[in-house]
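Take a look at the structure below.
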Amino acid sequence: MIGAGQAPERLTCSRAGCLERATWRVEWRNPKIHTEDRVKVWLACDEHVDYLRGFLAAREFPLRVVAADEVASGALDGAVSEADRGQGAPA
């Protein structure tokens, strides 16, 4: 059984096949099926944060990228601002 009710020792990147430690949260929603209060979260390592951001942005999904250890507040933006990226985020 996956997890068996225990918290993972570390956050892992959501990119298929990647087992690296996640340092970013990519928060998003599909406006066609999700209400504004529904936010989905993908975790990303430094290598895959741009890939996951681009995948969602190409579909014009509202998204925000924050450091994995931050808990973001507020509505998602259509574009990612510098404030949403957090310090040291890849461009």
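The values are calculated or read from the model by the stated rules, or taken from the named source; none is laboratory data. Please read all numbers here as calculations on a predicted model, not as lab measurements.
All but one of (1) at pLDDT 90 or above; (2) over 18 Å from ARG64 (Cα atoms) hold for LYS40, so report the exception by its number.
If we test LYS40 against (1) at pLDDT 90 or above; (2) over 18 Å from ARG64 (Cα atoms), just (2) comes out false.
For (1) part of a helix (DSSP H, G or I); (2) modelled with pLDDT under 60, each residue gets a yes or a no:
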{"position": "CYS18", "(1), (2)": "no, no"}
{"position": "ARG25", "(1), (2)": "no, no"}
{"position": "HIS34", "(1), (2)": "no, no"}
{"position": "ASP46", "(1), (2)": "no, no"}
{"position": "PHE55", "(1), (2)": "yes, no"}
{"position": "PHE61", "(1), (2)": "no, no"}
{"position": "VAL66", "(1), (2)": "no, no"}
{"position": "GLY74", "(1), (2)": "no, yes"}
{"position": "PRO90", "(1), (2)": "no, yes"}
